[in-house]
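Chemist: My questions will all concern the structure given below.
The values are calculated or read from the model by the stated rules, or taken from the named source; none is laboratory data. Here the structure is a predicted model, which means the values were calculated and not measured. Here the Cβ is made from the backbone with ideal geometry for all residues, glycine too, and neighbour counts use every protein chain on show.
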Amino acid sequence: MFDLKLTNATLPDGRTNMGIGITNGRIAALEPNLAGEAGQSIDAAGQLVSPPFVDCHFHMDATLSLGLPRINESGLLLEGIRIWGELKPLLTHDAVIARAMAYCDLAASQGLLAIRTHVDICDERLLGVEALLEVKRRVAPYIDLQLVAFPQDGYYRYPGAVDLLNRALDMGVDVVGGIPHFERTMADGAASVRALCEIGAERGLLVDLHCDETDDPLSRHIETLTYETQRLGLGGRVTGSHLTSMHSMDNYYVSKLLPMMAEAGIAAIANPNINIVIQGRHDTYPKRRGMNRFPEMLQYGITCAFGQDCMMDPWYSLGQADMLDVANMGLHVAQMTSRDAMRQAFAAVTSGPAAILNLDGYGLDVGCKADMVLLQAADPIEAIRLKATRLKVIKAGKVIAETAPRTAQLSLPGRPAVLDPSRVGPQA
């Protein structure tokens, strides 16, 4: 007797007619044509059942603050940082919580059930840290929220950031963050990487640094991060986020860098929606598009993921907590258009970021947590193409969100009255 049973499910690996039996919030059975009674049954009708979406790079303290106190008219990264600096003194605890909770509600409805968010610690009040720790407590029943202590204005550049970062970690923030390319000199940036990795090693924490988010081909803090990861034995615990300078680096240098990253066990995150509009702003034409070398890193076996980064804040005016939208942009910008590569793009918003966050019990196997999404799509590629409707979102074996299937009512002579976009595909 299962608490919940899904039947006729298609899994991301291509298996069909699968049954998923759930008991006590865990997957108890996974097999074709699963027998057995259940308190509740859901017929997936051949549609895709996926593990939940995971966003491994976000800024929840700034989300939904678009226009406060003004709009980023230039679109530049540095103007976004200036606007955020103007807003920080005006932030209130309740307002940060309210915006973050509204975002988390939207995320849950989209099947986004695990998020790593950077929280700015360059504020003597540590208001954002306090607010997001409260949000983490409130959303724990339905979202795994991981916080990164992020010195937005520079670990060495901002007075007091060294102490503030340690205070944030003492308060319960999960991950050590940094932004070496925003320090005053390359030497200070490298020194910050070393210091932050040492903090991670001493405290037994994960490390995730904004790294080389620039068009400068000589911004090479990822090399330092790779070295420090290996020196300190942090393989599997360190992530380089953005890495957009990689777009402009010399090919010979990259041929040396990527094997070193793979050897060190560093993970990499691209944020395609944001960097496609932020990077290359100083170019005329040809214009660089601000993407790291995502497909090449995958070929070296580096754990890679796509992050959303921002939604309606000083850096990005759009977004909808939709990781399929992120995967769609990522595969376009990275030219990942083979069938296998498109499946890798789906993994980059599911299993890839789950590995980066070290999520316990993630996946669709017996014994895993019963967290999953029923999508109005036949397979991962179609899910990305359609940005598929999340028909049901399941957390710990309970349906926490439902959306009606997307259909169109047609009034065309001799044609069906209802069109289901997920059923429109290649014709023989």
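Chemist: I'd like the full set of residues that are surrounded by fewer than 21 Cβ atoms within 10 Å (Cβ to Cβ) and in a helix (DSSP H, G or I), limited to region 229-246.
Modeler: Q230, R231 - these are the residues of region 229-246 that are surrounded by fewer than 21 Cβ atoms within 10 Å (Cβ to Cβ) and in a helix (DSSP H, G or I).
Chemist: Can you give me the number of residues within region 402-422 that are surrounded by fewer than 18 Cβ atoms within 10 Å (Cβ to Cβ) and within 30 Å of K369 (Cα to Cα)?
Modeler: 5
Chemist: Among the numbered criteria (1) surrounded by fewer than 20 Cβ atoms within 10 Å (Cβ to Cβ); (2) closer than 26 Å to D322 by Cβ; (3) not hydrophobic (A, V, I, L, M, F, W, C), which one does R70 miss?
Modeler: Of the numbered conditions (1) surrounded by fewer than 20 Cβ atoms within 10 Å (Cβ to Cβ); (2) closer than 26 Å to D322 by Cβ; (3) not hydrophobic (A, V, I, L, M, F, W, C), the odd one out for R70 is (2).
Chemist: Would you mind listing the strands (runs of 3 or more DSSP E) fully within region 36-144 where at least 1 residues are free of Cβ contacts under 8 Å to residues at least 40 places away in the same chain?
Modeler: By residue number, 38-43.
Chemist: Taking H57 as the residue in question, decide whether it is assigned by TED's automatic domain parsing to the domain that holds D174 and either surrounded by 16 or more Cβ atoms within 10 Å (Cβ to Cβ) or basic (K, R) (or both).
Modeler: Judged against the criteria, H57 is a match.
Chemist: Here is a further query. Assess whether I22 counts as being surrounded by 24 or more Cβ atoms within 10 Å (Cβ to Cβ), not assigned by TED's automatic domain parsing to the domain that holds P314 and not in a loop (DSSP other than H, G, I, E, B).
Modeler: So I22 fits the description; yes.
Chemist: Only residues in region 181-207 that are over 13 Å from I222 (Cα atoms) and assigned to a helix (DSSP H, G or I) count as the first member; pair them with residues that are of a type outside the set (A, V, I, L, M) and at pLDDT 95 or above, Cβ under 6 angstrom, at least 6 apart or cross-chain, and list the lot.
Modeler: Pairs that qualify, where the first residue is over 13 Å from I222 (Cα atoms) and assigned to a helix (DSSP H, G or I) and the partner is of a type outside the set (A, V, I, L, M) and at pLDDT 95 or above, are F182/G154; D188/Y156; L196/G178.
Chemist: Here's another thing I want to ask about it. Being farther than 21 Å from G128 by Cβ and in the same structural domain as G80 (by TED's automatic domain parsing): is that true of T226 here?
Modeler: Yes.
Chemist: Considering region 326-379 alone, what residues qualify as being of a type in the set (K, R) and buried (at least 21 other Cβ atoms within 10 Å of the Cβ)?
Modeler: The one that is of a type in the set (K, R) and buried (at least 21 other Cβ atoms within 10 Å of the Cβ): K369.
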